[in-house]
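I have placed the structure first, in the form of structure tokens, so that the comments after it can refer back to it.
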Amino acid sequence: MDSFRFADRAPGGTSQPVTIRVDGRRRAVIESVRPSISCRSVPVKRVAGDTLQVSADAFADGHDQLGVVLRIRDEGERRWREVRMRPLGNDRWQGETPLERLGRSTFTVRAWVDPFATWRGQLERRVAGGQDVKVELLVGADLVSQAADATPKQVAEPLRARADRLAQAARSKDAADLGGALDEELADLMATHGPRPRPADSGEHEVWVEPLRARFSSWYELFPRSLGRKGEHGTLRDVHAELDRIERMGFDILYLPPVHPIGRTARKGKNNTEKAGPADVGSPWAIGAAEGGHTAVLPGLGTVDDVRDLAEACRGREIDLALDLALQCSPDHPWVKAHPKWFRHRPDGSIRYAENPPKRYQDIYPLDFESEDWQGLWQALLDVVRFWIDHGVLVFRVDNPHTKPFPFWEWLIAEVKRDRPEVIFLSEAFTRPRVMEQLAKLGFTQSYTYFTWRTSKWELIDYLTELTRSDVAEYMRPNFWPNTPDILTEHMQAGGRPLFASRLVLAATLGASYGVYGPAFELVEARGLRPGSEEYLDSEKYQLRDWKPGAAGSLEPLITAVNAARHAHPALQRNDTLAFHHVDNDMLIVYSKRDPESGDTVLVVVNLDPHHTQGGWVDLRLEELDIDPNHPYQLVDLLSDDTYIWNGGHNFVELRPAEAPAHLFHLRRYLRSEQDFEYFA
């Protein structure tokens, strides 16, 4: 960087030279680059096929014009790709570039006072004012000639030809001959190859490009051990028989709780009792036994090869197999003896078990991420993840990541995705908002959310507005679960089938990604362990369950219809266009989503009251839905196939929860063909 000095008068009248370590001739200023995450360098998240839209304030003193470009390069590349940015007015600029390659990319904005653009703008005004511009044409010829001297031969030749043409026009007696000075072709050439004196660069920003499933996914969780016949222990092979049904329902990620050997020491009994009987199967999250640890499979479930075979069978149905990544050990885990330093010890030398007072987990030993051998521990855990990736698993649901250090996750996820950028990590962290957000910033692909406990209209609107309209949307992708093996809310225990149905529609349409704890959800399992508890009675976490999918009253048909709508309508595959609409009944919630590229639009109306019929007048903002207020429009209910015709933005809806707790409308706009044929599309 250049520097300049000026005399600074010191006390006593003497002058001392002062060095200013900036280039005082650099005049362009760049501010407010978007998208970006405040406070630190955190990648924004996109999926392959997205267009990265970048905007920034770029300006300079005086009236000279700027050149502004968006520069981007993929990780491992040295050369930048450039896209010209266009002025939006008031010194705001915008540019777009397609994102096709998975992994991290870096982007920045560059701006400079553009001599040619400034000259061209002044020339236009001189010509419009009727001035003689012959001398100005010589100035332009010199600028173009300088550009030719600084470019490769194949580009230099057309530039020199344009410079000669400008010089000839300057010598021409024809006052109207401008030598093509104002041609768009010349402007484009010079915008790309013209001089860029003393450019200014914004700071570097990162974008993390992941597969489409990172943004749009439907998760189904099941316990393989409950798939056995007549109460026998199920296996991974038994899961194959469920794949056709899971595929028909429209799920694209099958998530299994830990498949590893389960410890015997302090094993939990049914309903989380502290003493297990001889036949009790224990919690899958108490990982490790004599048969092995995190890279072994419980013999009752099968083998490591069975995991690989299941992953391949899933992939043949365009389903990804997700495994639980629970970084903890049972007292019987091989690491306890082989690496005692990886655990925290009490003063008496015993290892501390997990606690979240008043809850105690005597069957689990937490790992000590700050142990003297922390590097060995971290490497061993990375090896676990890579082991399962090598066996076909590309999706991990991570158990309680908020109880492990942030630097560990930042390191592990970066190491994994450097070689395998398609891997997906779902953060199961029901904890404080800033902690959940930090995990997302560090690289987790998706995040569990508070949706499970957001039940009222105002809660849902406030929370979804935060998730989709604030900076959080740039790095945190929500995944909505109405239930999990750990969580059966009081709301769901009391609401019955209508409540399960409405929560399904909310989860699957408010969010582009959602999941259900499968058989329990399908069969409306709502029995709590005790009043005030969110635990299931006879929880599958501690015992085998004999589920009968497809039984009378099952939600399978509704789940299938909802997932079919999600796959058929691009509007439901994104979160950024979610918009809430007014309805004069607080027990009804109305919202829409729209896909800008296809114009696909859906409108959702949900009855939040599982016990009573609710109706109300809906006020739609038709301009946001691209609906002509002067013509009717058609609404096709994707859940019932019923069709309605609405006029204007003010219309009435009514929902009976026992019959249909929600409308999932596809909006079809009124059109008129060239043959004067009226129709909806």
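For segment 317-339, state whether one or more residues are open to solvent by 70 Å² or more (accessible area, probe 1.4 Å), within 20 Å of ALA266 (Cβ to Cβ) and not aliphatic (A, V, I, L, M). Checked against the condition, which is being open to solvent by 70 Å² or more (accessible area, probe 1.4 Å), within 20 Å of ALA266 (Cβ to Cβ) and not aliphatic (A, V, I, L, M), segment 317-339 yields at least one hit.
Residues that are open to solvent by less than 40 Å² (accessible area, probe 1.4 Å) and within 18 Å of GLN493 (Cα to Cα) within segment 542-564 comprise SER554, LEU555, listed in sequence order.
Residue-by-condition table, conditions (1) open to solvent by 30 Å² or more (accessible area, probe 1.4 Å); (2) in contact with a strand residue (DSSP E or B) (Cβ under 6 Å, 6 or more places away or on another chain):
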| residue | (1), (2) |
| --- | --- |
| ALA494 | yes, no |
| GLY515 | no, yes |
| ALA520 | no, no |
| GLU534 | yes, yes |
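So which strands (runs of 3 or more DSSP E) stay within segment 195-281 end to end and still have 3 or more residues that are within 24 Å of the chain's Cα centre (by Cα) and over 14 Å from CYS314 (Cβ atoms)?
Working: elements: 205-210, 217-221, 253-256.
The strands (runs of 3 or more DSSP E) meeting that bar are 205-210.
When ASP641, ASP628 are checked against the criterion of being at positive phi, in a loop (DSSP other than H, G, I, E, B) and open to solvent by 60 Å² or more (accessible area, probe 1.4 Å), ASP641 stands alone in meeting it.
Taking the conditions (1) without any contact (Cβ under 8 Å) to a residue 40 or more places away in the chain; (2) open to solvent by 60 Å² or more (accessible area, probe 1.4 Å) in turn, TRP119 satisfies each one other than (2).
Go through segment 124-149 residue by residue and tally those that are within 13 Å of LEU189 (Cβ to Cβ) and among the hydrophobic types (A, V, I, L, M, F, W, C). Residues meeting the conditions: 4. If you go through segment 340-359, how many residues are in contact (Cβ under 8 Å) with a residue 12 or more places away in the chain, open to solvent by 20 Å² or more (accessible area, probe 1.4 Å) and either closer than 30 Å to ARG213 by Cα or out of contact with any Lys or Arg (no Cβ under 9 Å at 6 or more places or on another chain) (or both)? Matching residues across segment 340-359 total 1.
Put simply, of GLU185, GLU206, GLU232, GLU242 the only residue that is open to solvent by 10 Å² or more (accessible area, probe 1.4 Å) and in contact with a Lys or Arg (Cβ under 7 Å, 6 or more places away or on another chain) is GLU206.
The residues of segment 555-580 that are within 24 Å of the chain's Cα centre (by Cα), more than 18 Å from ILE253 (Cα to Cα) and not aromatic (Phe, Trp, Tyr), listed by number, are HIS569, PRO570, ALA571, ASN575, ASP576, THR577, LEU578, ALA579. Of the residues making up segment 577-603, those that are in a loop (DSSP other than H, G, I, E, B) and either free of Cβ contacts under 8 Å to residues at least 12 places away in the same chain or among the hydrophobic types (A, V, I, L, M, F, W, C) (or both) are LEU578, MET587.
The values are calculated or read from the model by the stated rules, or taken from the named source; none is laboratory data. Note that the coordinates shown come from a computational prediction; the quantities given were computed from them, not determined experimentally. Note: ideal-geometry Cβ built from the backbone for every residue, glycine included; neighbour counts use all protein chains shown. The area values use the complete protein model at the heavy-atom level, side chains included, leaving out ligands, DNA and RNA. Shrake-Rupley method; radii C 1.70, N 1.55, O 1.52, S 1.80 Å.
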